[in-house]
1. From zero outward in steps of 10 Å, how is the percent of C-alpha pairs of region 29-151 spread across the bins?
2. Say we join alpha carbon atoms closer than 10 Å with springs in a Gaussian network model of the chain; which of Ser272, Ser222, Ser71 then has the biggest fluctuation?
3. May I ask for the distance between the Cα centers of region 271-290 and region 308-329, given as a whole number of Å?
4. Go through Lys91/Lys179; Lys13/Lys91; Lys80/Lys190; Lys179/Lys240; Lys179/Lys286 and tell me which ones have a Cα-Cα distance over 20 Å in this structure.
5. Over the heavy atoms of Met236, what accessible area does a 1.4 Å probe trace out, to the nearest 10 Å²?
6. What accessible area per residue comes out for the chain, rounded to a whole number of Å², with a 1.4 Å probe?
7. For region 133-281, would you read off the P(r) tail past 18 Å as a percentage of all alpha carbon pairs?
8. Just need the relative contact order of region 185-329 here, percent rounded to a whole number, with Cα pairs under 8 Å and 6+ apart.
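The values are calculated or read from the model by the stated rules, or taken from the named source; none is laboratory data. This is a predicted model, so every value here is computed, not measured. Neighbour counts run over all protein chains shown; Cβ positions are idealised from the backbone, glycine included. Please note that ligands, DNA and RNA were not included when accessible areas were found on the heavy atoms of the full protein model with its side chains. Shrake-Rupley method; radii C 1.70, N 1.55, O 1.52, S 1.80 Å.
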Amino acid sequence: MDTMESTRSRLIKLLSQSKESYISGQALSEALGISRNAIWKHMKDLENDGYRIDAKRSQGYRIVSFPDKVSSNTIRWGLKTKWMGQHIIHKESVPSTQLIGHEIARENAPNGTIIIAEEQTAGKGRMKKNWFSDKEGLWTTLLLRPPIPPNKASELTLLAAVALREALHELTNLPIGIKWPNDLLIGDKKLCGILTEMQAEQDRIDYVLIGFGLNVNQNEASWDASIRDIATSLKMESGKSWDKKEIVQTILKHFENTYEMYLNEGFKTIKSTWEEHAFKIGENIKINTFHDAWTGQFLGITDEGALIVESQEGSPITLYSAEITWFDR
C-alpha cells in the first residue's frame, strides 16, 4: 500500500470511529503525522469522491454521508476486516481483474489485496468461456498468499463459494445454492461464477487469485437472449436494487472469517457447509467421462473437493474431472 493510500485509509477510519462528533484538524494532523493543510487536501479529495464533509472552523471535520458507489474510499468506510481488503485497487473498466491480479502479485502486492472493476471488457470464466461483465454487476479478484501446499489450492474455490454464499444470504436471505465446482445459483439460474488461478513452485504457492463475477442489479433485458434463461441477479430475485459497496464489505468480512477458520481448522468445516447448500446433492446427474456416460446420484465431495457420485454399478466413486449435465434444458 503506498503512503497516500495508507494515509487516506487511516483518515477514513478515524472519521468513521467518530460519526456523530467533529474531529479537529489539529487532532487529525497529530494522529496521521501530516500537516493541517494536507488534511484539508485529503478532505477535498473525499468530497470529489462523493463524500459530504461538514467542516466547522472551531470544531473540525465530520463526514455527513458517503457516496452510493464503489471506490477504494467508500469500501474502507465501514469495512470490518483486519487484513482482507486493506489494499484496494478500483478501476472503472478493465479487460479482466484477473489480469491485473497477476500483474500486481508479481509486483509483491500484499496478501488480501482486492481488485474491483465497474466493468470488464474481456471477462473470463472456467474453460476460457466469456463472462458478460456490465456495470450492474460486481467484478472482483482477491489476492491470497496461502501457507498451504499447491495440491490444496482447489479447496480455496470451494471455500470462496461458501464465503460468498454466506455473505449474500446474510444480506438478502435469498435461497442461494452452490454448484460444483464454482457457481452460485438461485433455482437453476446462475448468479455468480468463481475462477481460481494459481502461481506456484513444486512445494509452495506464490499466490492464488480468486476472481468472482456477481450479478447484482441487472434486469432480464440486460442480457443477450442467449443467456436470459440461465442467468439471474440479486435484483431480479429480490425485486430491489442493492448497494454494491455494502455487498463488497460483507463479502470481505465473511471471506476473512472463513479463510482464517480454514487455516486454523482445515477443510472439514468448509466441506460440511458446502454440502449443506450443494445444488443437486442427493439427486441424479448425468456424468460423462472419457470412457463412459451414465446417470448416477450426486453423493457429495471429498476432503480435497473432488466429486463423489454413484457409479454405474451403484457404488461411490470419486471424480476429479468429468463433464456433468446438471440441468434438463
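1. Result returned by the calculation: 11, 31, 32, 17, 7, 1, 0.
2. Ser222
3. 8 Å
4. Lys91/Lys179; Lys13/Lys91; Lys80/Lys190; Lys179/Lys240
5. Solvent-accessible area, nearest 10 Å²: 60 Å².
6. Accessible area per residue, the chain: 49 Å².
7. Numbers: 6240 of 11026 pairs.
When every Cα pair of region 133-281 is considered, 57 percent fall beyond 18 Å.
8. It rounds to 13 percent for region 185-329.
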